[in-house]
């Protein structure tokens, strides 16, 4: 222990913040070092002055203060949060916490990415369908050295029971389909859309609750504007859904619907995080 | 001076709605909380108002207190939030309470010394002004450590600051205080 280390830790030593082993080292040093010992005395003297200052100036609460507190406890209505709790809303208070809002924002980002990916796949599939149609309309391509046609028994996925038996192997038993009919591409896309829509709706519900908690804190003008914008977006969502009902495979209607949801979520997020 | 924790049983009773138990809590912590707040706002009337608010909030939120052994840390945390909210409101309304108005500080700084005080009024006024000259973070850590003898861990729980920052702030606060009061002590 040298003087520099000792003096650097002297305050913590006096506050009792050092580990016992370190405090012992300092104590031992103070016995042999007059300069550090003088520094300790000075700090202690200062501390004494501050202690006296506090003792002399600390305010004693007047007896009326307790009466005032008691009266407030009996007469003042409970804060909004507690009233909500009694109404059964208390369990949603956590929704207004910044951490929850941040997590919701993150979840929304993932939803947005999913929606973008879905839209991309939709477009790609539409293009593929178009190309396939063009190819079907064209005459079949004859085999050529550059484009050979594989014989049937070279294609492992198409198991031919007769050929397998000839080779002395066992034919794979026909697989029992888990579903009577496999999903078509359209059905897969529609399911993906429905899942994305559900995720948006969940996020909207969470944000809606968070906003409801904070409604009293927000400027009435902002709330009015928010409600008007929300109504417009809800109209867009309803219109897109109507179009989709009439034309379930219309990629533009699907994209419109998801974009409207994204806008709604952005708007609500903006209000919830104000 | 230091805040010896009140018996956990009293806190538990208050938690279950026993007003008498809460009165005991008030009797135990009324002085340190009021003084802590007064050190921050330096206005007795406002300090009393904020201390009231602190105890009302504490009573209403007792259900959220997890560790009854750390009641005073929790209570000081509420007091600190109440002071911060009040300062924010004051800034909003442009009616500053007077942290940077030396005249009002001076008026408040005399009057509180009882007769037979060990420190003379001049020194008390000097310490008061030195405290007021500290920035908020330094003043809070100084007050909690020196006046209320809280550990760094407790101060960290109250303020939300890291222990490293608290140590630095406290060291600087003491250095600033020393610089201001030492000339007076040397002249004695």
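The values are calculated or read from the model by the stated rules, or taken from the named source; none is laboratory data. Quantities reported herein were computed from a predicted structural model and do not represent experimental measurements. Glycine gets a Cβ as well: all are built from the backbone with ideal geometry, and neighbour counts include every protein chain shown.
Brief remarks on what is shown
- Selection count where residues are in a helix (DSSP H, G or I), within 19 Å of residue A:54 (Cα to Cα) and more than 8 Å from chain A (Cβ to nearest Cβ), scope segment B:141-176: 8
- Condition met for residue A:69 (surrounded by 12 or more Cβ atoms within 10 Å (Cβ to Cβ), farther than 30 Å from residue B:182 by Cβ, modelled with pLDDT of 90 or more and within 14 Å of another protein chain (Cβ to nearest Cβ)): yes
- Checking B:132, B:123, B:119, B:113 one by one, the residue that is at pLDDT 90 or above and within 14 Å of chain A (Cβ to nearest Cβ) is B:132 and no other.
- Positions within segment A:40-50 being facing another protein chain (nearest Cβ under 9 Å) and either surrounded by 15 or more Cβ atoms within 10 Å (Cβ to Cβ) or outside any helix (DSSP H, G or I) (or both), in sequence order: A:43, A:46, A:47, A:49, A:50
- Scanning segment A:205-217 for residues that are surrounded by fewer than 18 Cβ atoms within 10 Å (Cβ to Cβ) and at pLDDT 75 or above yields A:208, A:217.
Condition check ((1) within 21 Å of residue B:160 (Cβ to Cβ); (2) in a loop (DSSP other than H, G, I, E, B)) across all residues:
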position: B:14; (1), (2): no, no
position: B:26; (1), (2): no, no
position: B:37; (1), (2): yes, no
position: B:46; (1), (2): no, no
position: B:56; (1), (2): no, no
position: B:66; (1), (2): yes, yes
position: B:72; (1), (2): yes, no
